[in-house]
Amino acid sequence: MAAPLFEDDSKHAYPRDYLGPGTAILEGFALQYEAFIQNALLEIAGQSPFRHMTTPGGFRMSVAMTNCGALGWVTDRKGYRYDSLDPDTGSPWPAMPALFLKLAQRSASEAGFPEFVPEGCLINRYEPGAKLSLHQDKDELDFTAPIVSVSFGLPAMFLFGGDQRSDKTVRIPVVHGDVLVWGGPARMRYHGVMPLKNGVHPLFGGHRYNLTFRKAR
Ligand code: MD6
Ligand code: FE
């Protein structure tokens, strides 16, 4: 058998800018945060429970969501927006834990965005079958800041496209601890998540959790 080119080329398989300028796939970058995140999610969901929001068109989202930080992303019949209050509790969203901010800033820096200061973290919980259709993140006021997306629990297939909905998409498998960053010239690229497959994760059970950090205003 031929010797492998690298000691371990299985883990960090992607060259920088694999997805184009302004993107980064940081495999396993969030792994060291897993225990903290697991606890924090329990606390956050205790205050602002996961819920299936409704799209402006009246569809129930298959992904259950909550938020932490000063501004949370919400959707209902009135539209997509950021709100400082959880509409279900009438109270502010739970505070963003300092380690969340640190993880987001370290990730953004790694991808070339050292100034990133998110005020919101949208937390998505996927059950088997849950998916996110191809979309752009355009409810923020500041498109100079990147999106930082952190995956925990069950693996998923992330779809990353171009600036037009009709552009071809590439499939990126995302597993527990992976971080994706897109900003700058990549900020408006379409993305989505394929329907989650059944499985059991040792720490997160039958779900995938995704944290997306945003500078909303
Ligand atoms: C993900 N989520 O769950 C990526 N964008 O892996 C998103 O891209 C997203 O969940 C805008 C609004 C809600 C989302
Ligand atoms: Fe998005």
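The values are calculated or read from the model by the stated rules, or taken from the named source; none is laboratory data. Everything quoted here is computed from the prediction, not taken from an experiment. Using ideal geometry, Cβ is built from the backbone for each residue, glycine included, and neighbour counts are taken over all protein chains shown. The protein model used for the area step is the full one, side chains on, heavy atoms only, and it has no ligands, DNA or RNA in it. Shrake-Rupley method; radii C 1.70, N 1.55, O 1.52, S 1.80 Å.
Here are the numbers for the structure shown:
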| item | result |
| --- | --- |
| Residue within the stretch 147-164 that is at positive phi and open to solvent by less than 30 Å² (accessible area, probe 1.4 Å) present | yes |
| Matching residues in the stretch 51-61 - criterion: being in contact with a strand residue (DSSP E or B) (Cβ under 8 Å, 6 or more places away or on another chain), open to solvent by less than 40 Å² (accessible area, probe 1.4 Å) and of a type outside the set (D, E, K, R) | MET53, THR55, MET61 |
| Residues of the stretch 127-141 that turn out to be part of a loop (DSSP other than H, G, I, E, B), open to solvent by 40 Å² or more (accessible area, probe 1.4 Å) and either among the small types (Gly, Ala, Ser) or near ligand 1 (Cβ under 8 Å from one of its atoms) (or both), as a count | 2 |
| Candidates ASP86, ASP76, filtered to the one that is among the acidic types (Asp, Glu), buried (at least 16 other Cβ atoms within 10 Å of the Cβ) and away from ligand 2 (no atom under 16 Å from the Cβ) | ASP86 |
| When residues of the stretch 113-126 are limited to those that are aromatic (Phe, Trp, Tyr) and within 25 Å of ARG171 (Cβ to Cβ), the one nearest to ligand 1 (Cβ to nearest atom) | TYR126 |
| Close pairs (6 angstrom Cβ cut-off, 6 or more residues apart or separate chains): free of Cβ contacts under 8 Å to residues at least 24 places away in the same chain in the stretch 149-170, surrounded by 12 or more Cβ atoms within 10 Å (Cβ to Cβ) anywhere | ASP167/GLY161 |
| Enumeration of residues in the stretch 147-166 that are within 15 Å of ligand 2 (Cβ to nearest atom) and not in a strand (DSSP E or B) | GLY161, GLY162, ASP163, ARG165 |
| Looking only at the stretch 103-126, and only at residues there that are in a loop (DSSP other than H, G, I, E, B) and among the charged types (D, E, K, R), the one that is surrounded by the fewest Cβ atoms within 10 Å (Cβ to Cβ) | GLU115 |
| Single match in VAL170, VAL148 (criterion: under 16 Å from ALA24 (Cα atoms), at pLDDT 95 or above and under 12 Å from the mean Cα position of the chain (by Cα)) | VAL148 |
| Residue that is nearest to ligand 2 (Cβ to nearest atom), among those in the stretch 176-200 that are part of a loop (DSSP other than H, G, I, E, B) and open to solvent by 70 Å² or more (accessible area, probe 1.4 Å) | PRO195 |
| Among the candidates THR169, THR144, residue that is away from ligand 2 (no atom under 16 Å from the Cβ), more than 27 Å from ASN39 (Cβ to Cβ) and open to solvent by 10 Å² or more (accessible area, probe 1.4 Å) | THR144 |
| The stretch 62-84, residues that are part of a loop (DSSP other than H, G, I, E, B) and either more than 12 Å from ASN124 (Cα to Cα) or without any contact (Cβ under 8 Å) to a residue 60 or more places away in the chain (or both) | ALA70, LEU71, ARG77, LYS78, SER84 |
